[in-house]
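The values are calculated or read from the model by the stated rules, or taken from the named source; none is laboratory data. Note that the coordinates shown come from a computational prediction; the quantities given were computed from them, not determined experimentally. Quick reminder, even Gly has a Cβ in these numbers, built from the backbone with ideal geometry, and neighbours come from all protein chains shown. Areas reflect the complete protein model, heavy atoms only, side chains present, ligands, DNA and RNA absent. Shrake-Rupley method; radii C 1.70, N 1.55, O 1.52, S 1.80 Å.
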Amino acid sequence: INPNNLDKKYFISALKAYKNGTRNNYIMQIISKGYSDKEIEWQNKIAYMSQNSYIANHSLTETLFLKPKITEDENNEAIKYLKKFNLNHLVDFLGKTNLSLRSTLSGGEKQRLSFIRCIVLDPKVLFLDEPTSSLDEYNEILLINELISIKKNKIIFFSTHKEYLKKYFDQIHEL
């Protein structure tokens, strides 16, 4: 919970720098306590979701999985989450390669797709920067409930200005 953006801005910038390959020892120490760099491929274990979800000019499959072809299990997982997050109308676009949805999606749809990407990539650490910012209350609760269901095996950092979301978190740090 952060009443202003200043502290959050520096924290998220440090995280993005690490995700982009710039080593930030302080963040690394927080995340990797008990592990060495050789034991964990950090770039593949961390996912970051911005409050302004960017959808690249790629197919839906590439948007979700960051690769052009997926297995049948991955396809089934994508269908499950698209339906779960009220994006049923996008299911038929899976596997279509020469189709970009970027210009046709609403802000809330882009936000939900970005969240689904974070889930299907199955990172160990999730950094979510105001992931509910473009969502209506119904979809906001869907997202929170999904986080609750997956939190057992993950470290989740969730930044928000919404005080009423406090009740869903195990630990709260106000910046």
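Quick one: in the range 52-69, which of the residues that are assigned to a helix (DSSP H, G or I) and open to solvent by less than 50 Å² (accessible area, probe 1.4 Å) is farthest from Thr104 (Cα to Cα)? This residue is Phe65. Number of residues in the range 127-175 that are out of contact with any Gly (no Cβ under 6 Å at 6 or more places or on another chain) and either aliphatic (A, V, I, L, M) or in a strand (DSSP E or B) (or both): the value is 18.
For Ser103, the criteria (1) small (Gly, Ala, Ser); (2) open to solvent by 20 Å² or more (accessible area, probe 1.4 Å); (3) under 15 Å from Asn139 (Cβ atoms) hold in every case but one, which is (3). Is at least one residue of the range 110-126 over 21 Å from Pro68 (Cα atoms), at pLDDT below 90 and open to solvent by less than 60 Å² (accessible area, probe 1.4 Å)? Yes: the range 110-126 contains one or more residues that are over 21 Å from Pro68 (Cα atoms), at pLDDT below 90 and open to solvent by less than 60 Å² (accessible area, probe 1.4 Å).
Looking across the range 141-154 at every residue that is free of Cβ contacts under 8 Å to residues at least 12 places away in the same chain and either open to solvent by less than 60 Å² (accessible area, probe 1.4 Å) or of a type in the set (Ser, Thr, Tyr) (or both), the one that is nearest to Arg112 (Cα to Cα) is identified as Ile141. For residues that are β-branched (Val, Ile, Thr) and modelled with pLDDT under 85, scanning just the range 155-175, find the one that is surrounded by the most Cβ atoms within 10 Å (Cβ to Cβ). That would be Thr160.
When you scan the range 70-84, how many residues do you find that are without any contact (Cβ under 8 Å) to a residue 60 or more places away in the chain and under 19 Å from Glu109 (Cβ atoms)? Count: 7.
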